[in-house]
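Below is one structure, written out as structure tokens, with a few remarks after it.
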Amino acid sequence: MAKGKIKVETENIFPIIKKFLYSDHEIFLRELIANAADATKKLHALASMGDFKGEIGDDTIEVIINKADKTLTVRDKGIGMSQEEVKKYINQIAFSGAEEFVNKFKDVSESGNIIGKFGLGFYSAFMVAEKVEILSKNYKDEEAAHWECDGSPEYHLKAGKKEGRGTDIILHIAEDSTEFLEESRIRTLLEKYCKFMPVAIQFGQRSEWIDDPEGKKDQDGNVEKIEQKVDNIINNPKPAWTKVPADLKDEDYKAFYRELYPMNFEDPLFHIHLNVDYPFNLTGILYFPRIKPNMEVQRDKIQLYSRQVFITDSVEGIVPDFLTLLHGVIDSPDIPLNVSRSYLQADGAVKKISNHISKKVSDKLEELFKKDRADFEQKWEDIKVFIEYGMLSDEKFFERAQKFALYKTTDGNYFTLDELTEEIQAAQTDKDDKTVYLYANNLDQQHTYIKSAEAKGYKVIILDSPLTAHLVGRLEQHLEKATFSRIDADTIDKLINKDENIPSKLSDEDKEALKPVLEEVIDKERFTIQFESMNETDQPMTIVQPEFMRRMKDMQAVGGGGMAMFGNMPESYNLVVNVNHPVISKALTEKSKKKKQDILKQTADLALLSQNMLKGEELTNFINRSIELI
């Protein structure tokens, strides 16, 4: 029997490991199974090189709970270790057996799929175990090794008895970690971390109903079903993202989506299969879900893997922020397995991967747009918030998006920004040579304004996402001599000022006479009276909300830094009075003050009603007054 001390810098290594990893102590199972898969892939690599000439046979990894002995065992049938190898790879903490193996056989493609490294990953077992045993026999069929350690720097190593090759890691679970002796807890961890490990993993058994082998039939003449127990394989070793895209059909991608998200009942709109060899290795599949206009979509749906080993589903900061609205998986061996999320966010390779994914997404969107524009337009309402979010949060994506980002007009047509500019430039350029892009965010509430614009031959686009205020600001920065104005920000002749003066039927004295009467029938704190010379056919009174203030409030509502002061300000509107309308002239000439007030009040209420701003008692009074007038 050999006895010695593990080679560490300090005898306090185990408390340090435990404290350092405590917040994520459940990853011990991932680490041990990753090592088991590593050992199995090594065996396959040796077999492919001819260094191992035996039968590989069943290479399933087993996870076994023994509640009576309070043990949790991870068993593999991989390369195994001799006593000397245990000394080398286990006792010298952080000496990487896997790294040495890959370096030795770096020209063999099969070895490139080795997952992990012995070292601190293995010692994460001590986060939940008071004692750990290793029983291992290498593929050369040398004498088995039996190693054990109770969490102190001292270990015991002796010859052991083991029938076949491979390694058993036996954890004697500590009293404060008995949750890891519960089948439900282990099953949850296996499904979280090991769902797509590259080697089959068995955890217990499950029932399967098969036809009676003797052909016994029930009273209806059907072959009876009998229950049999079969090994419960918890993972899919060959998920869709590891396969060649040419070998997969649309239904395969949808089936994998359902495998990832069994509780999602809607199919994704489309997908992107990532497959990059240079300048880094990256595979994965990203799915575009249907995104509601209010952005009610669950984040943290992209799962990050390293060689099929789960790392995290919190990828915000690791991939561009807007991509967190997507679903799917990203797998890269260039992403370190045992590091913190903050390290990932600062890692240079990860940043390159992040930039590349953003480009691949924009390339895919452009491809779909060019391939079938009609189909792309049909999907636009489901993806536009995602694209707008990307345009606001990623400068390079903004530039690429100009090729496929669409703007729908109120008459149902779709335009790119360049197409829209060409369409409206002649008619919607004002006296200052500035192109005015008119937009609406509510077709019903703004119907009157839209019709006024369309009557003049103007195009109105629909921008109704919560990001609109930010988006139009960004577009104004991008365009030269252009502005975006919501259709209800002012009268149409003011929004696109052609410097066409319409004579006023009222003098300044007339306006001064009307103003105090109007102020008596409206809320002076909420509405500012604005007299305008308009056509007689235009509305007698119109409610408008100035673009600047409304836009600042909208930006603050969805997170606009520095806009907080606008969010606290009350809503304010302008009541635009068309001084050329006959109703206004009639009110002016009315001798009775009450009748004058009734006309102006009724007209103002009509303007409020058109904007769904007349409610409660005011609405009741309006109805009663309307009946009296009839």
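Odds and ends about this structure:
- Every residue from segment 192-213 that is loosely packed, with under 10 Cβ neighbours inside 10 Å and either in contact with a Lys or Arg (Cβ under 7 Å, 6 or more places away or on another chain) or under 30 Å from A37 (Cα atoms) (or both): S207, W209
- Hey, K117 under 21 Å from G166 (Cβ atoms) and modelled with pLDDT of 75 or more or not: no
- Selection status of T483, of a type outside the set (A, V, I, L, M) and either touching a residue at least 60 places away in the same chain (Cβ under 8 Å) or more than 16 Å from R550 (Cα to Cα) (or both): no
- Within segment 214-268, considering residues that are small (G, A, S) and under 21 Å from I330 (Cβ atoms), the one surrounded by the fewest Cβ atoms within 10 Å (Cβ to Cβ): A246
- Only a single item in (1) at pLDDT below 95; (2) assigned to a strand (DSSP E or B); (3) in contact with a Ser or Thr (Cβ under 8 Å, 6 or more places away or on another chain) is not met by I134, and it is number (1).
- The single condition among (1) surrounded by fewer than 14 Cβ atoms within 10 Å (Cβ to Cβ); (2) under 27 Å from K553 (Cα atoms); (3) not assigned by TED's automatic domain parsing to the domain that holds P582 that K456 does not meet is (2).
- Segment 493-522, residues that are more than 30 Å from I424 (Cα to Cα) and in contact with a strand residue (DSSP E or B) (Cβ under 8 Å, 6 or more places away or on another chain): L506, K511, L514, K515, L518, E519, I522
- Residue list for segment 578-603, filter: crowded, with 18+ Cβ neighbours inside 10 Å and either of a type in the set (D, E, K, R) or not assigned by TED's automatic domain parsing to the domain that holds L518 (or both): K596, K601
- For segment 438-450, taking the residues that are buried (at least 18 other Cβ atoms within 10 Å of the Cβ) and out of contact with any Ser or Thr (no Cβ under 7 Å at 6 or more places or on another chain), the one that is nearest to R373 (Cα to Cα) is identified as Y439.
- Selection over segment 494-510 of residues that are under 17 Å from H581 (Cα atoms) and either in contact with a helix residue (DSSP H, G or I) (Cβ under 9 Å, 6 or more places away or on another chain) or among the polar types (S, T, N, Q) (or both) gives a count of 7.
- Hey, A469 in contact with an Asp or Glu (Cβ under 6 Å, 6 or more places away or on another chain), surrounded by 19 or more Cβ atoms within 10 Å (Cβ to Cβ) and either touching a residue at least 24 places away in the same chain (Cβ under 8 Å) or not assigned by TED's automatic domain parsing to the domain that holds D411 (or both) or not: yes
- Options I90, I27, I65; residue that is at pLDDT 95 or above and buried (at least 18 other Cβ atoms within 10 Å of the Cβ): I65
- Taking the listed residues E381, E388, E366, the one that is in a helix (DSSP H, G or I) and at pLDDT 95 or above is E366, with no other qualifying.
- Check on N612, loosely packed, with under 12 Cβ neighbours inside 10 Å and either not in a helix (DSSP H, G or I) or not assigned by TED's automatic domain parsing to the domain that holds N535 (or both): yes
- Number of the condition not met by A426 [criteria: (1) part of a helix (DSSP H, G or I); (2) hydrophobic (A, V, I, L, M, F, W, C); (3) farther than 30 Å from K396 by Cβ; (4) not assigned by TED's automatic domain parsing to the domain that holds K594]: (1)
- Any chance I424 is over 32 Å from the mean Cα position of the chain (by Cα), free of Cβ contacts under 8 Å to residues at least 40 places away in the same chain and surrounded by 17 or more Cβ atoms within 10 Å (Cβ to Cβ): yes
The values are calculated or read from the model by the stated rules, or taken from the named source; none is laboratory data. The shown structure was predicted, so the numbers you read here are calculated from the model rather than taken from an experiment. Here Cβ is always computed from backbone atoms with ideal geometry, including for glycine, and neighbour counts include all displayed protein chains.
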